[in-house]
Amino acid sequence: MDKTVALELKNVTKTFGRVVANKDVNLTLNRGEILAILGENGSGKTTLMNMIAGIYYPDEGAIFVDGEEAVIRSPKDAYDYKIGMVHQHFKLVDVFTAGENIALGLRDGKKFRMKEINARVTEIAEKYGFHVDVKKKIYEMSVSEKQTVEIVKVLYRGAEILILDEPTAVLTPQETDKLFAVLRRMRDDGKSILIITHKLHEVLALSDRVSVLRKGEYAGTVNTAETNESELTEMMVGKKIALNINRSTPQNVCDRLAVEHVNCVNREGVKVLDDVSFTARAGEILGVAGIAGSGQRELLEAIAGLQKLSGGAITYFDPQNGERVNLCDKTPTQIRDLGVRLSFVPEDRLGMGLVGNMDIVDNMMLRSYRKGKWGMLDRKNPKGLADDIIRKLEVVTPGVHTPVRRLSGGNVQKVLVGREIALTPTVLMAAYPVRGLDINSSYTIYNLLNKQKESGVAVIFVGEDLDVLLELCDRILVIGGGTVTGIVDGRTATKEEVGLLMTKFRRTEETQETAGEENHDS
């Protein structure tokens, strides 16, 4: 049976100065279909979606909705064409309830009656299998709950075409399965869904068809049932790529870092780390799994000396002389000089570790400028390091003297991670090192981390993709609500086992709250 075309792009081109983000892109989305958009970093995926959502306007070409040419100059225009986009970073007001956020900014000529709004929201949620507490404040919600509010928000505005940008980036496997079940119900109800994701196994599990962009140009569309990960990767990159994480057997393993009963309280007085204990070993990769905001960042910053502890100890076993060094007595600079390196890739990649207005060479020098003599800086070695990182990690840049703020997010990330790996650490803490990277670049980073492990480095890897954690790591530390809920063997543990440990703390909290309510009622 022929599909009805809901959205069509014809020869769409978008440039920013001399940079061509999209060139002559042709794309078709059918009614009642899930279409995945794949492409390397800088291939123009987000730019293309932003044109459909009204954030950018095409320089050339045309967009057709239900067979008629559409002029989309703003997100409001997009909603008029029943197009809604759920961004990776949510656009919600924390102090408002779910219902208030969903209705916020909507001008339909009707009086603002929260009771009617909440009833309509509940109706939409029940239709597709969402669970939304309309009176719950955003700041009280988990990541998956916030995402649900964003999806219901576009449905409330009547969207028939939905664009989802990396919707599973910070979800547990169980939450991902629930989201996919909802998206399938929406598809079966006639909704058309565009989804951007770098996780190929999710593409194959969810989508009906896959469209691929390569260097801003349309590379083709295939039926999901007729393709595989290798074929999709070849379409993205233009050549065959081996998608294998070569996890080696740990050799000469010894304790390098011991974290004992660590507690940490943030500026708001909230306990973010609660009695955390574990050991990181040289020659091993220790994975850290957890729902976003469970204390992963604070844990790594505590080890690096960037977070003040309220209790506990962190001991470093110096490989030079075997001495035990108390890191709690050291400054961040002294800890770094011992060889403990923190490579943290936050949502704002330029907010930690790199200076946007500096070029790549100067950002290499941020780790070595104190070594200069008589006020003279050594620029030769940092330039060599910059050239090496650009070559090995295939950083797309006009040159080493290009300010990093002009690079794409993925290439900024490569510069940051590459610099830390190149500085011969004894402990390397890599937090979200592949966040937002395409599949080819991600595997390059995974194999670099494995090489660090083989050279005797103790690697602590905080990741979002459980499949990768299980394939890359020797042991996996699971953290929930600032406390350790389990440590499992990466070779024998299952994704479901780790996912349940990730939600263990949340379920314990919910059980306690329910018990408290029952006692109060009685």
Seminar exercise, completed: In region 145-174, anything surrounded by 21 or more Cβ atoms within 10 Å (Cβ to Cβ), within 15 Å of the chain's Cα centre (by Cα) and assigned to a helix (DSSP H, G or I) is listed as GLN147
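Evaluate the following for ILE55: is it in contact with a Ser or Thr (Cβ under 9 Å, 6 or more places away or on another chain), aliphatic (A, V, I, L, M) and assigned to a loop (DSSP other than H, G, I, E, B)? If you could, list the steps in order and put the result at the bottom.
Details: in contact with a Ser or Thr (Cβ under 9 Å, 6 or more places away or on another chain): yes; aliphatic (A, V, I, L, M): yes; assigned to a loop (DSSP other than H, G, I, E, B): yes.
Criteria met by ILE55.
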For this session: Look at VAL25 and say whether it is farther than 30 Å from THR444 by Cα and assigned by TED's automatic domain parsing to the domain that holds ARG157.
Result: no
Seminar exercise, completed: Taking region 284-303 and keeping residues in a loop (DSSP other than H, G, I, E, B) and surrounded by fewer than 20 Cβ atoms within 10 Å (Cβ to Cβ) leaves ALA292, GLY293
Exercise. So which residues in region 19-54 are over 23 Å from the mean Cα position of the chain (by Cα) and on the phi < 0 side of the Ramachandran plot, if there are any at all?
Worked result: VAL19, VAL20, ASN22, LYS23, VAL25, ASN26, LEU27, THR28, LEU29, ASN30, ARG31, GLU33
Exercise. For region 451-481, how many residues are under 21 Å from the mean Cα position of the chain (by Cα) and at pLDDT 90 or above?
Worked result: 13
Problem set entry | Selected residue (criterion: nearest to LEU171 (Cα to Cα)) from residues of region 58-104 that are without any contact (Cβ under 8 Å) to a residue 24 or more places away in the chain and part of a helix (DSSP H, G or I) | GLU100
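Limited to region 10-52, what total is found for residues that are among the basic types (Lys, Arg), buried (at least 20 other Cβ atoms within 10 Å of the Cβ) and outside any strand (DSSP E or B)? Write out each step before concluding.
Applying the first criterion (among the basic types (Lys, Arg)) to region 10-52 yields 10, 14, 18, 23, 31, 45.
If we keep only those that are buried (at least 20 other Cβ atoms within 10 Å of the Cβ) too, we end up with 14, 45.
Within this subset, residues satisfying the condition of being outside any strand (DSSP E or B) are 45.
Residues meeting the conditions: 1.
The values are calculated or read from the model by the stated rules, or taken from the named source; none is laboratory data. A quick note: this is a predicted structure, and the numbers were derived from the prediction, not measured. Virtual Cβ from ideal backbone geometry, glycine too; neighbours counted across all protein chains shown.
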